[in-house]
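Comments concern the structure below.
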Amino acid sequence: NPSATFCVKAIGESMKDAGIKSGDIMIVDKSLDPKNRSIVLAVINGEFTVKRVNMSDNRLYLMPENSSFSPIRITEEMDFQVWGVVTYIIHKAA
């Protein structure tokens, strides 16, 4: 959906095991509804993050793909919004 699709540059290493490295360009589609295990661009309390969605026991977690980082449990007290689903990742040629 071109009118709902945009590009974002990845910064950080929390999703490196999903193949998203710092400096990569992510294609994000705002028109898609996130499903369990989708990779999303989200905002938590004003901070952008890219993580994998995990629904477990009616709880929502944002999961990193790097064992050095901890999962984030989303609670009602948080200002949380999903901006879109990451559909493609563009890496710089080596």
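Structural remarks
- Test: residue in the range 55-62 that is in contact with a strand residue (DSSP E or B) (Cβ under 6 Å, 6 or more places away or on another chain) and within 28 Å of A93 (Cα to Cα): no
- Checking each residue in the range 36-59 for being within 15 Å of M15 (Cβ to Cβ) and hydroxyl-bearing (S, T, Y) picks out S38, T49.
- The range 15-37: number of residues that are open to solvent by less than 20 Å² (accessible area, probe 1.4 Å) and assigned to a loop (DSSP other than H, G, I, E, B): 3
The values are calculated or read from the model by the stated rules, or taken from the named source; none is laboratory data. Predicted model, so just to flag it, every value in this text is computed and none were measured. Note that each Cβ is placed from the backbone with ideal geometry, even for glycine, and that neighbours are counted across all protein chains shown. Calculation scope for accessible area: heavy atoms of the full protein, side chains included, ligands and nucleic acids excluded. Shrake-Rupley method; radii C 1.70, N 1.55, O 1.52, S 1.80 Å.
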